[in-house]
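**Student:** This is the structure I have questions about; it appears just below.
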Amino acid sequence: MTSARIVRGRTLSFRDDPRRDDAVVSHDDGAVAVRDDGRIEWSGPYPDLPAQFSSTAIDHFPDQIIMPGFIDAHVHFPQHRMIAAPAEDLLAWLNRFAFHEEARYGEAAFAAAAAERFLDKLISHGTTSALAFSSVHKVAAHSLFVAAQRRGLCLITGKTLMDRNAPDEILDTAEGGARDSADLIARWHGVDRLRYAITVRFAVTSSEAQLRAAGDLYADNPGCLMHTHVSESAGEIDFVKQQFPWSRDYTDVYDHFGLLGGNSVLAHGLHLSERECQVLHDTGAMVVHCPTSNNFLGSGLFDIDHLRAPGRPVKVGVATDVAGGTSYSMLQTLGEAYKVAMLKGRKFTALDGFYLATLGNARGLGLAGEIGTLERGAWADLVVLDPAATEVMAARDELSESLEDTLFALMMLGDDRAVRAVYIKGGKVHGKE
Ligand code: GUN
Ligand code: ZN
């Protein structure tokens, strides 16, 4: 149990997509009042703080932005050491680095220590929730759940299903993978703030028998998420076509095996056709934009307007994809999303970005009302951001004339140095003076 407290400063939260009217809620002198149980009781302008909180302890952050903690909608726990390892494309990078590193995670002690380091990194970058890939090993996902539970985090992960086209030491079987997943669902799904994601690495590394078993698990456990990758690189798309010659396209493979639905989360989606977008729209799946990864691996440029085309808009989220991604910072990630949008001739405002990294991702992960908002009843998972954290930022901040201006500079120039404090369930877990 945490104790009640007030966090005071410049508050920012979203009621809805900022492209809609009245979606942005911000107070220059605002406050968030946290209950004993770690949920938000009230937020609004500080002068309107209800009398019941008059003797509650206050953490005051003048000139800092207090907002819901960031949600990373796609990140790889067992890749946290191999960030910034270059290769010519996705498949070369997987074969050269990722698969070998992930092989280590079958060792319980190694995985347990790595889980702590991974969560420390998320938190120090202002990320309070994540949908994380684990490795193929049951023990690795278990270790991450244990570490997240101890910290009271809202976290979603799952054992990765992969039974072909990778080194033997990181392959499972269709039956064994389904059995391990079912065991982990029974042990962890819905325990405290933890949820399970049925995790298919990508169509390249699963046999038809495994995809069928994953589809059955998803049908049997409708509260779980389904987490995978789709349409990231040209080489990968060709490989999928060869392996599933009957498929209309990449998305059709997942659709065929019952893996698409309102709880499905697919990373990348860079080269999706009109037909694929229609299927993703119809099923309610979310596609997650991972700009630092896409640029680093040369995978392609995400087209946000194509995904969200009126008539068949696909739900879009945003994520780091560490370690294809090159930063844990959701601020850096939003800055890169802005540059990708510029290269595509698209509009991506700071409000678009901060919405996606909070309420947008929460909605896509089925966690609206729980995280990603300062509204009453949500968990008080908060990040406090300093718009003048570095000399460069401080100089730029002097010129900011509006909230949107301040947020824009934060997403272009900010990183973990801009994270002044982080709260989980109202308890301070990270802070800089
Ligand atoms: N596709 C399949 N596995 C991976 C992975 O580990 N990272 C990325 N970026 N794409 C993938
Ligand atoms: Zn990924």
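**Student:** If you scan the stretch 9-34, which residues turn out to be out of contact with any Pro (no Cβ under 7 Å at 6 or more places or on another chain), within 17 Å of residue 60 (Cα to Cα) and open to solvent by 50 Å² or more (accessible area, probe 1.4 Å)?
**Tutor:** Within the stretch 9-34, 10, 28 qualify.
**Student:** Any residue in the stretch 188-200 that is surrounded by fewer than 22 Cβ atoms within 10 Å (Cβ to Cβ), out of contact with any strand residue (DSSP E or B) (no Cβ under 9 Å at 6 or more places or on another chain) and not in a loop (DSSP other than H, G, I, E, B)?
**Tutor:** Checked the stretch 188-200: no residue is surrounded by fewer than 22 Cβ atoms within 10 Å (Cβ to Cβ), out of contact with any strand residue (DSSP E or B) (no Cβ under 9 Å at 6 or more places or on another chain) and not in a loop (DSSP other than H, G, I, E, B).
**Student:** Any idea which of 98, 73, 87, 92 is within 16 Å of ligand 2 (Cβ to nearest atom), under 19 Å from the mean Cα position of the chain (by Cα) and among the small types (Gly, Ala, Ser)? Can you show your working first?
**Tutor:** Details: 98 fails: under 19 Å from the mean Cα position of the chain (by Cα); 87 fails: under 19 Å from the mean Cα position of the chain (by Cα); 92 fails: under 19 Å from the mean Cα position of the chain (by Cα).
Unique residue meeting the criteria: 73.
**Student:** Now, a different point. Please tell me if residue 280 is touching a Phe, Trp or Tyr at 6+ places or on another chain (Cβ under 7 Å), of a type outside the set (S, T, N, Q) and free of Cβ contacts under 8 Å to residues at least 60 places away in the same chain.
**Tutor:** So residue 280 fails the test.
**Student:** Within the stretch 78-107, how many residues are within 11 Å of ligand 1 (Cβ to nearest atom), open to solvent by 10 Å² or more (accessible area, probe 1.4 Å), under 20 Å from residue 134 (Cβ atoms) and acidic (Asp, Glu)?
**Tutor:** Counting residues in the stretch 78-107 that are within 11 Å of ligand 1 (Cβ to nearest atom), open to solvent by 10 Å² or more (accessible area, probe 1.4 Å), under 20 Å from residue 134 (Cβ atoms) and acidic (Asp, Glu) gives 1.
**Student:** Within the stretch 288-357, considering only helices (runs of 4 or more DSSP H) that don't extend past its boundaries, which have at least 3 residues that are of a type in the set (Gly, Ala, Ser) and away from ligand 1 (no atom under 12 Å from the Cβ)?
**Tutor:** 330-343
**Student:** A follow-up question, please. Residue 63 - would you say it is in contact (Cβ under 8 Å) with a residue 60 or more places away in the chain, open to solvent by less than 10 Å² (accessible area, probe 1.4 Å) and among the charged types (D, E, K, R)?
**Tutor:** Here the answer is no, as residue 63 does not meet what is asked.
**Student:** Quick check on my filter: what residues within the stretch 400-419 are touching a Pro at 6+ places or on another chain (Cβ under 9 Å) and without any contact (Cβ under 8 Å) to a residue 24 or more places away in the chain?
**Tutor:** Hits for the stretch 400-419 are 400, 409.
**Student:** Follow-up question, since we're still on this one. Quick one: which residue in 280, 260, 266 is in a strand (DSSP E or B), of a type in the set (A, V, I, L, M) and crowded, with 20+ Cβ neighbours inside 10 Å?
**Tutor:** On the way: 280 fails: in a strand (DSSP E or B); 260 fails: in a strand (DSSP E or B).
Within the list 280, 260, 266, the selection yields 266.
**Student:** Restricting the search to the stretch 330-353, which residues are in contact (Cβ under 8 Å) with a residue 60 or more places away in the chain and open to solvent by 50 Å² or more (accessible area, probe 1.4 Å)?
**Tutor:** Matches in the stretch 330-353: 332, 338.
**Student:** Of the conditions (1) open to solvent by less than 10 Å² (accessible area, probe 1.4 Å); (2) free of Cβ contacts under 8 Å to residues at least 40 places away in the same chain; (3) within 15 Å of ligand 1 (Cβ to nearest atom); (4) in a helix (DSSP H, G or I), residue 214 clears all except one; give me its number.
**Tutor:** Result: residue 214 fails condition (2) only.
The values are calculated or read from the model by the stated rules, or taken from the named source; none is laboratory data. Because the structure is a prediction, the values reported are computed rather than measured. Backbone-built Cβ (ideal geometry, glycine too); neighbour counts: all protein chains shown. The protein model used for the area step is the full one, side chains on, heavy atoms only, and it has no ligands, DNA or RNA in it. Shrake-Rupley method; radii C 1.70, N 1.55, O 1.52, S 1.80 Å.
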